[in-house]
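Take a look at the structure set out below.
The values are calculated or read from the model by the stated rules, or taken from the named source; none is laboratory data. All values reported here derive from a predicted model rather than from experimental measurement. Cβ: placed from backbone, ideal geometry, glycine included. Neighbour counts: every protein chain shown. Only protein heavy atoms, including side chains, enter the accessible area calculation; ligands, DNA and RNA are left aside. Shrake-Rupley method; radii C 1.70, N 1.55, O 1.52, S 1.80 Å.
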Amino acid sequence: MKIALIGYGKMGKMIEQIALERGHQIVCVIDIDNQEDFESEAFASADVAIEFTAPMAAYGNYLKAFAKNVKVVSGSTGWMAEHGDEIRRLCTEGGQTLFWASNFSIGVAIFSAVNRYLARIMNGFPQYEVEMEEVHHVHKLDAPSGTAITLAEEILGEMDRKTAWVKGTLLNPDGEVTGSDSHEANELVVNSVRRGEVPGIHSITYDSDADSITITHDAHSRKGFALGAVLAAEYTATHSGLLTTSDLFKF
């Protein structure tokens, strides 16, 4: 398979390594200093482009790839609220293909299935209050993380007493705490921590007067995300439309 990389930071380099190990060809690498290569024959020849950049760049990158009829796999977050409807239209009516996920880790896909199942059980036990904490490295721009939002929305889909998630506190690298974890009974609060080079930790806690239950996914490195992105690209090469991990992993 011919792969183009959009974004050549730590994730891009790890994706390149894994893609080559799995026998794929990297035909084009686009980063901030060579945006003109979106117009190159090499980019247009790609079966799939894998995009890991920043919230402010992702939507524009999708449009540039779609203009060349190149399918996209993307893990960029923070663009959905403003541009989600347009991307859905392009992938349903416009014939384009985007495989998007807030997290490509196989472990997170399994964790997500456990999260949905546990929320379904806890729907019948209102004495348990649920909240979430996500921890990421200091370079992460958005809070809560896209993965935390996805997990929160999964809980909302299974739990009648929770109808919305809200942004809670943010513990900054300098120790300053902003925001508040106060919330209404129908709201699920998501707190965030930014420290060191943490790849990502997501914890969901159900607490009652009697006891508490916590499930946690702790990423040891970005390797799991990179492998998942390449697996998604392999899937996307033979599928079309708006795709996500529920299409790739049938849990």
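In segment 1-23, which residue that is of a type outside the set (A, V, I, L, M, F, W, C), buried (at least 16 other Cβ atoms within 10 Å of the Cβ) and not in a helix (DSSP H, G or I) is nearest to the chain's Cα centre (by Cα)?
Selected residue: Gly7.
Against the condition open to solvent by 20 Å² or more (accessible area, probe 1.4 Å) and part of a loop (DSSP other than H, G, I, E, B), how does Val166 come out, does it pass?
no
Across segment 200-251, what is the total count of residues that are in a loop (DSSP other than H, G, I, E, B) and either open to solvent by less than 40 Å² (accessible area, probe 1.4 Å) or not basic (Lys, Arg) (or both)?
16
For segment 169-186, which positions are within 23 Å of Pro126 (Cα to Cα) and surrounded by 15 or more Cβ atoms within 10 Å (Cβ to Cβ)?
Selection gives His183 alone.
Suppose we keep only residues that are open to solvent by 60 Å² or more (accessible area, probe 1.4 Å) and farther than 30 Å from Ala143 by Cα within segment 24-66. Which one would you say is nearest to the chain's Cα centre (by Cα)?
So the residue we want is Asp47.
Looking at the structure I just gave you, is Gly95 at pLDDT 95 or above, part of a loop (DSSP other than H, G, I, E, B) and on the phi > 0 side of the Ramachandran plot?
Against the criterion (at pLDDT 95 or above, part of a loop (DSSP other than H, G, I, E, B) and on the phi > 0 side of the Ramachandran plot), Gly95 qualifies.
Looking at (1) in a helix (DSSP H, G or I); (2) under 25 Å from Ala219 (Cβ atoms); (3) modelled with pLDDT of 95 or more, which one does Ala109 not meet, given that it meets all the others?
(3)
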